[in-house]
Amino acid sequence: MPALHRLLLALVLLSALAGCASVPYARDGHLPPAEQPPDASPERAALNARVYDATVRHVDRLFYRKDFDRAGFAGEARAQRDDALAQVDEADLYATLGTLLKRLDDDHSYALAPTVRERVEARKAGEERAGYGLVLTMAGDDYIVAMVLPDSPAAAVGILPGWQLLSVDGRPARAATPAEDGRTDRLVFADEHGTEHAFALTARSMPPLPRREARVLGDGIGYLRFDDFDRATHDWLLEQMVALAADPPPGLVLDLRRNGGGLVHLAALAHAFFHEDRQSFAVLEGRLVNRRLFARPPATVYTGPMVVLVGPATSSSAELLAARLHETGRATLVGQRTRGAVVGTRGIDLPDGGLLHVGMLVMTTADGALLEKTGVAPDVQVADDWAAIREGRDPALAKALELLSARE
């Protein structure tokens, strides 16, 4: 049996432990039926109670932090229960759940409404869904426009990268309902000077942004971008590494700026692609797991110069990968400090077809670095230059190319 397959079998119990993408208690790739009772009906209130009570129960049983004030959380949950049951629709219920879960102060503990969950799965599958043409990224608790897609409703009215999305139809950005094809919504933004701009945008069906990208840059330098760690991404990365082995570039840029994490053992295998010997990747500690995660090198590895691009949206397993490549001396990190959201989570189906994630594991690098709440600091800081980005330039990538060219 190939070493890679032996490793995957050895890690089968870990395949459920991930950053933001794993759903071990849910059936992977399967969406349970969504319940949609009439708004403001007795059936809606009864369903709200089932969803709310399940959320509180799972958090109490599974949340990982040793200093978790279970009694305080239970008291606050009881105090908010009547309000949760009174919410008239799915969006309002999940906004209430979001307020409760925010008390945990853990980015990996959150709930996705059935409508949002379906949208996320559809995008991952490459299916079109209604949208405005905005690519948003998190900066702390703020939603920042990272990209405006050409020929989109957002582009047509002049929305610019760097603006902060404040609200959609009066709801805070974090609680906004998903766009619907043909529906017109009022979106409010703040530009970099604090000036607010409001637009009425009609959503339309739009293709998802590609999750992976490989290209050759100036001077033959390779570039790989992937936005999560799942089986499809691992297979794609394996193909790219075979191609790199056939014609090794003088340098390689690994772009993790939009990578929000995923299966931690696949991040370990990604790390192994850049080392010639067996690597210790991370330490996982929790109620069900207490072990060190290793990965052996595959048949093809790249050992040339590397720069890893990181930023505020780099999260979870992607932060572990960036940190570990830095700890082993394999890469220079360029960009901005990562999010600092490095906790193993489990996903649980909720009674209405929604999905609850609960933080369950402490994850550190193999050298013991705890990244939760601190993130990974780059070797070379490149601040956002929105004027350059609006002109189509990428200052962080330009700095990466400069560093790699200087090493030739």
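Throughout, read-outs are computed from the coordinates displayed, never taken from laboratory work. Predicted model only: the values in this text are computed from it and were never measured. Ideal geometry is used to build each Cβ from the backbone, glycine not excepted, and the neighbour counts take in all protein chains shown.
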(request) Over 20 Å, how big is the tail of the calculated P(r) for segment 129-206, in percent of all Cα pairs? (result) 20
(message) Roughly how far apart, in whole Å, are the Cα centres of segment 171-233 and segment 363-408?
(response) 20
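Sort the following peptides by mean Cβ neighbour count (other Cβ atoms within 10 Å, averaged over residues), highest first: 380-392, 252-264.
Order by mean packing, descending: 252-264, 380-392.
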(message) How tilted is helix 90-102 with respect to the longest principal axis of the chain? Cα atoms for both, answer in degrees (0 to 90, nearest 10).
(response) 60
(message) Going by Cα centres, segment 102-123 and segment 244-307 are how many Å apart?
(response) 27
(message) When a/c reaches 1.5 or more, the comparison of a/b and b/c decides; with that in mind, is segment 165-217 rounded, prolate or oblate per its Cα gyration tensor?
(response) oblate
(request) Any chance you could run the full-extension gain for residue 130 through residue 276? It's 0.36 nm times the residue separation minus the Cα-Cα distance, nm to one decimal. (result) 48.1 nm
(request) For the chain, find the longest principal axis of its Cα atoms and tell me its angle to the long axis of helix 114-124, 0 to 90°, nearest 10. (result) 20
(message) If every alpha-carbon in segment 66-167 counts as one equal scatterer, what log10 I(q)/I(0) does Debye give at q = 0.14, 0.18, 0.19 1/Å?
(response) -0.76, -1.06, -1.11
(request) Run down the lysines and flag those whose C-alpha is under 18 Å from the C-alpha of residue 373, throwing out any fewer than 8 positions away in its chain. (result) 66, 102
(request) Would you calculate the separation in nanometres between label points at residue 139 and residue 50, each defined as 7 Å from the Cα along the Cα-to-beta-carbon direction? (result) 4.2
(request) Hey, can you grab everything whose amide H is under 5 Å from the amide H of residue 341? Only 5+ residues off in sequence or another chain; H modelled, so Pro and N-termini drop out. (result) 316, 373
(message) In whole Å, what are the extents of segment 244-308 along the principal axes defined by its C-alpha atoms, from largest to smallest?
(response) 45, 28, 15
(request) Averaging sequence separations of C-alpha pairs under 8 Å and six or more residues apart, then dividing by the length of segment 129-206, give the relative contact order as a whole percent. (result) 32
(request) Determine, for 339, 44, 225, the number of other Cβ atoms within 10 Å of each Cβ, and report the residues in order from fewest to most. (result) 225, 44, 339
(request) Within 10 Å of each residue's Cβ, count the other Cβ atoms and sort 317, 205 from fewest upward. (result) 205, 317
(message) Checking a compactness column here: for the chain, what do you get for Rg(Cα) / (2.2 N^0.38 Å), N being the number of residues?
(response) 1.00
(request) Determine, from the Cβ-Cβ distance of residue 39 and residue 405 and an R0 of 41 Å, the FRET efficiency 1/(1 + (r/R0)^6), rounded to the nearest 0.05. (result) 0.10
(request) Return the calculated 222 nm mean residue ellipticity for the chain, to the nearest 500 deg cm²/dmol, obtained by summing -39500 (n - 2.57) across DSSP H runs with n ≥ 4 and dividing by the residue count. (result) -9500 deg cm²/dmol
(message) Between 0 and 90 degrees, rounded to the nearest ten: what's the tilt of helix 317-327 against the longest Cα principal axis of the chain?
(response) 30
